[in-house]
Amino acid sequence: MLEINNISKEFFGKKVVNDVSFRVSSGEVVGFLGPNGAGKTTTMRMIATLLEAESGTITFNDKNIRDNPMYIRERLGYMPENNPLYEGMLVSEYLEYVADLKGLRKIDKTQAIKRAVGEVEIEDVYHKPIIELSKGYKQRVGLAQAIMHKPDLLILDEPTEGLDPNQRVSIRNLIKNLGKNHTVIISTHVLQEVTATCSRIIIINDGKIVADGKTEDLIAGAQGKRTIHLEAEGVSVDALMTLKGVENVKEKTTGQKTFFDISVAGDLDIRADIFDTVKGCGGRIWELRQERGSLEDVFRELTKESES
């Protein structure tokens, strides 16, 4: 459906998107991840024809969107990060206005609004002023305008930004249901949303794609590693690095206690060896626990240079 080939975009002498390429097939729900400033929103805006790529091509259903911008706009649902709404309008007035902008005929408009309102469950606030709505309901109104015309492709930029945990779960479930009828690209910093809603993950860092794969494959790769958290005194990093399977040890000291994050390859369980090592050094253990890798570990590993 969507093919991105070597696109780049520069602002003030800095390439914020640098030779990015990926494809999205019909029916996929893709999580587009990256730290702040990585190039996520810029890439999404170029797909939505709000910005033009300086090089490379974007094709949608085999049509170059530079030459056919209206073709993708008619088939695209887009909800930007700031979710701009006319707060002086009633929800009903706003959705009718958006339907007119989308060029829906009168009979189609009535049916489209009714269907979108039902899908995002905003019947209770349909006749209320937008300014009186909670943030969660405002996000739902933004989703309603994005799906009203049954778009082939739905782009959602930080759809749960600023929501409380209950609202996040509600919008997350809503997006999961939307994924049954739409191809979706969703940008978010909340990794739990990605694992709950997305079949595939693309990670961008410093304007370049650093990972692209099925969600379960990326998580499985992370879970092939373990991290052991040790709080102890009287033991050194060098002593812990001698243990079989240890790849890295990070140390932080507070008072007499020292905290160690020990990265272990594979399925080795070396907690007993750690206990013996600390005891052999004459030290004391205050805490010893083990964690499997997670999507967060994958994200941090691939974007750590940006964070630093």
Which members of region 37-73 meet the condition of being surrounded by 15 or more Cβ atoms within 10 Å (Cβ to Cβ), within 20 Å of Thr183 (Cα to Cα) and of a type in the set (A, V, I, L, M)? Met44, Met46, Ile47, Ala48, Ile58, Ile65, Ile72
If I ask for residues that are in a helix (DSSP H, G or I), farther than 24 Å from Lys176 by Cβ and under 28 Å from the mean Cα position of the chain (by Cα), which ones from region 98-124 would you list? none
Across region 291-308, which residue is modelled with the highest pLDDT among those that are surrounded by fewer than 15 Cβ atoms within 10 Å (Cβ to Cβ) and not in a helix (DSSP H, G or I)? Glu291
Which of the residues belonging to region 264-300 are within 14 Å of Val235 (Cα to Cα) and either of a type in the set (Ser, Thr, Tyr) or in contact with a strand residue (DSSP E or B) (Cβ under 7 Å, 6 or more places away or on another chain) (or both)? Ile274, Phe275, Thr277, Val278, Gly283, Arg284, Ile285, Trp286, Glu287, Leu288
Scan region 38-48 and tell me whether some residue there is farther than 23 Å from Leu218 by Cα and assigned to a loop (DSSP other than H, G, I, E, B). yes
Do we have Ile186 as assigned to a strand (DSSP E or B), touching a strand residue (DSSP E or B) at 6+ places or on another chain (Cβ under 6 Å), closer than 29 Å to Leu76 by Cα and assigned by TED's automatic domain parsing to the domain that holds Gly162 here? yes
Sole residue being more than 24 Å from the chain's Cα centre (by Cα) and either of a type in the set (A, V, I, L, M, F, W, C) or in the same structural domain as Thr160 (by TED's automatic domain parsing) (or both), chosen from Pro84, Pro69: Pro69
Mind listing just one residue for me: the one in region 208-267 that is within 18 Å of Lys279 (Cβ to Cβ) and charged (D, E, K, R) and, of those, modelled with the lowest pLDDT? Lys257
Can you name every residue in region 119-129 that is closer than 16 Å to Gly142 by Cβ and surrounded by fewer than 20 Cβ atoms within 10 Å (Cβ to Cβ)? Glu119, Glu121, Tyr126, Lys128, Pro129
Under 27 Å from Phe60 (Cα atoms), surrounded by fewer than 16 Cβ atoms within 10 Å (Cβ to Cβ) and assigned by TED's automatic domain parsing to the domain that holds Asn83: does that describe Lys102? no
Tally, over region 159-170, of residues that are within 14 Å of the chain's Cα centre (by Cα) and either within 15 Å of Met79 (Cα to Cα) or hydrophobic (A, V, I, L, M, F, W, C) (or both): 3
Hey, does region 4-25 have a residue that's in a loop (DSSP other than H, G, I, E, B) and touching a residue at least 40 places away in the same chain (Cβ under 8 Å)? yes
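The values are calculated or read from the model by the stated rules, or taken from the named source; none is laboratory data. Since this is a predicted model, take the numbers as computed values, not measurements. Counting neighbours? That spans all protein chains shown, and the Cβs are built from the backbone with ideal geometry, glycine included.
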